[in-house]
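J.: Shown below is the structure under consideration.
The values are calculated or read from the model by the stated rules, or taken from the named source; none is laboratory data. Small disclaimer: the values here were computed from a predicted structure and weren't measured. So basically every Cβ, Gly included, is an ideal-geometry build from the backbone, and we count neighbours across all protein chains shown.
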Amino acid sequence: MRILLVALLLLAGCSGSNNQAVSYFHIETPRPFGYVIGDEIPQRIIIETRPDVTLQTASLPAKGPINRWLNLNRISVINTGQHYQIDLLYQVFYAPLEVKMLTLPGFKVLLKQGEQTDSQIIPDWSFNLSPLRELAVRKSDDGEYMRPDAAPSLLPNTLNVYGLVVSLCLAFLIAAYLCFLYGYFPKLLRRTLFKQALRKIEALSKSDMDQALTTVHQALNSLYRQPLFHNQLSHFFQLNPQYQQMSSELDWFFTYSNRYFFTSGMVVVQLDLEKLKELCKQCRKIERGSQ
Amino acid sequence: MIRTLRHNMIWGALAFSIIAVIFHACSLYSVYRENQLIVQLIAGRDVDVNNVVSGPPELRLARALYFKQKHRYDDALSTLSLILDKGDRHFQAQARYNLGNLYLEQAVEKVEAMHMNEALPLAGLAKQTYRQALALDSQNWDAKYNLEVAMRLLPEMDRVNSSDDNQNSQKAQFWTTVPGFPRGLP
């Protein structure tokens with residue numbers, strides 16, 4: 001008999017395990033005071049169910065008016081496994097004459113496990129609502145005081161201003177580049193004549209002496225705006241006095257060029273090419289204004 | 001071939017940017033003109049109706065304001081009803097708030113003239129539009145204030161969670177439907 005009693009007690013102890021459908025339940029609510037008419041009140045409900053238990057979303061309150069002074073503007077359910085997060089957004093439209101306590105009505109959430117149904121009660125939640133308007137009537141010159149109409153805001157033009165500035169800058173830059181390509185900036189071009197010539201000569205060897213001389217001639221012709229010959233050097237220096245310091249080098253250049261192109265049997269040495277490059281370098285310095 | 005193509009592309013980019021300049025300049029001028037019309041209407045001067053018809057909803061809102069200033073309530077109502085669903089949520093709330101003001105102002109005038117039967121539906125419409133405005137923009141404090149004005153003018157019949165209210169519900173219903181503001185404290 002005693003053994004039977006102990007066995008029964010053990011059995012009762014084992015069968016007393018927790019078999020509720022909800023393993024965790026929590027409600028997050030904001031401050032319960034300081035609300036006025038038209039305010040929105042959020043409420044978050046966290047429910048964690050036991051395995052195989054599902055929450056019946058149809059048992060949740062529907063979006064829309066709950067009663068005459070309370071609206072449910074938004075309801076969303078986020079379900080991750082057995083974890084349910086229910087977000088509710090109420091809006092209150094009650095006009096109290098003094099600070100008044102109101103209650104968000106609770107509801108019952110249904111939970112289903114197989115054929116069995118369980119429920120979780122969401123309790124009422126009370127909060128204080130304050131009036132915006134004094135009880136005594138406030139009169140303005142036009143009669144009953146009320147807030148004035150909302151004047152329409154002026155149309156924004158920021159995007160158009162930005163668009164205009166960007167497109168204007170773009171058009172200006174492209175037009176300037178085209179002008180450069182079409183030679184409408186001769187001064188700008190003349191500032192890179194010897195730079196381009198020097199770049200070409202740097203890549204040449206003494207066997208390409210004819211190309212090197214032609215390149216320097218072309219640079220001088222462009223600067224002079226007509227073919228420049230030896231006897232026109234003095235006029236060239238009058239137009240471009242900054243090149244006066246290069247008179248002896250230029251004199252050598254024209255003499256050498258005459259001999260190279262119009263005398264047979266001339267032998268080109270590396271030193272001549274180096275001298276030509278040095279001439280070009282000096283002219284480049286004058287061109288950019290550093291000498 | 002590639003050089004020619006590149007050159008043509010540069011000309012194309014220039015043409016495109018010039019078209020963009022013209023487009024933005026025209027848009028800017030159009031916005032300037034419409035803003036001038038809005039300023040003119042707010043100042044109480046009417047504008048050509050054709051400009052309003054082809055203009056943005058802000059222009060209609062300004063014209064409704066002009067009509068209301070001139071006490072042309074029907075014109076203001078028809079103008080506002082055309083733009084209730086235009087623009088973003090903020091603009092829709094603004095249009096509904098002005099519509100609520102239109103109803104409320106008329107309701108107050110009727111109450112002052114002791115025409116209670118005409119004031120009742122107007123106050124009800126005002127409350128409804130303020131609620132809609134607040135549902136769209138719950139931070140509209142002017143709408144909150146004026147909704148409370150409308151609620152005081154025409155109190156709701158329902159009372160909430162108070163045992164006293166439940167006991168006297170019939171009496172409360174009778175008195176709360178009479179429009180009018182409480183004239184001071186007892």
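J.: With respect to the numbered conditions (1) more than 10 Å from chain A (Cβ to nearest Cβ); (2) part of a helix (DSSP H, G or I), which one is the sole condition not fulfilled by B:Gly12?
T.: (1)
J.: Can B:Lys110 be described as within 8 Å of chain A (Cβ to nearest Cβ) and not hydroxyl-bearing (Ser, Thr, Tyr)? Reasoning before the result, please.
T.: Details: within 8 Å of chain A (Cβ to nearest Cβ): no; not hydroxyl-bearing (Ser, Thr, Tyr): yes.
When the stated conditions are applied, B:Lys110 does not pass them.
J.: Also, I was wondering about something else. How about region A:38-74: which of its residues are in a strand (DSSP E or B) and among the aliphatic types (A, V, I, L, M)?
T.: Once the filter is applied, which keeps residues that are in a strand (DSSP E or B) and among the aliphatic types (A, V, I, L, M), region A:38-74 yields A:Ile41, A:Ile45, A:Ile46, A:Ile47, A:Leu55, A:Ile66, A:Leu70, A:Leu72.
J.: Just one of (1) within 12 Å of chain A (Cβ to nearest Cβ); (2) touching a residue at least 40 places away in the same chain (Cβ under 8 Å) trips up B:Ser17, so point out which.
T.: With respect to (1) within 12 Å of chain A (Cβ to nearest Cβ); (2) touching a residue at least 40 places away in the same chain (Cβ under 8 Å), B:Ser17 is out only on (2).
J.: Still on this model: Considering only region B:39-103, give the helices (runs of 4 or more DSSP H) lying wholly within it that have at least 2 residues that are facing chain A (nearest Cβ under 9 Å).
T.: B:57-69
J.: So, one more: Whether any residue in region A:146-155 is more than 7 Å from chain B (Cβ to nearest Cβ) and modelled with pLDDT of 95 or more is what I want to check.
T.: Checked region A:146-155: no residue is more than 7 Å from chain B (Cβ to nearest Cβ) and modelled with pLDDT of 95 or more.
J.: List pairs: first in region A:211-224 and free of Cβ contacts under 8 Å to residues at least 24 places away in the same chain, second among the β-branched types (Val, Ile, Thr), Cβ under 7 Å, 6+ apart or cross-chain?
T.: What qualifies is A:Thr215/A:Ile201.
J.: Which one is nearest to the other protein chains (Cβ to nearest Cβ), of the residues in region B:118-150 that are of a type in the set (Gly, Ala, Ser) and closer than 11 Å to A:Ile37 by Cα?
T.: The residue in question is B:Ser138.
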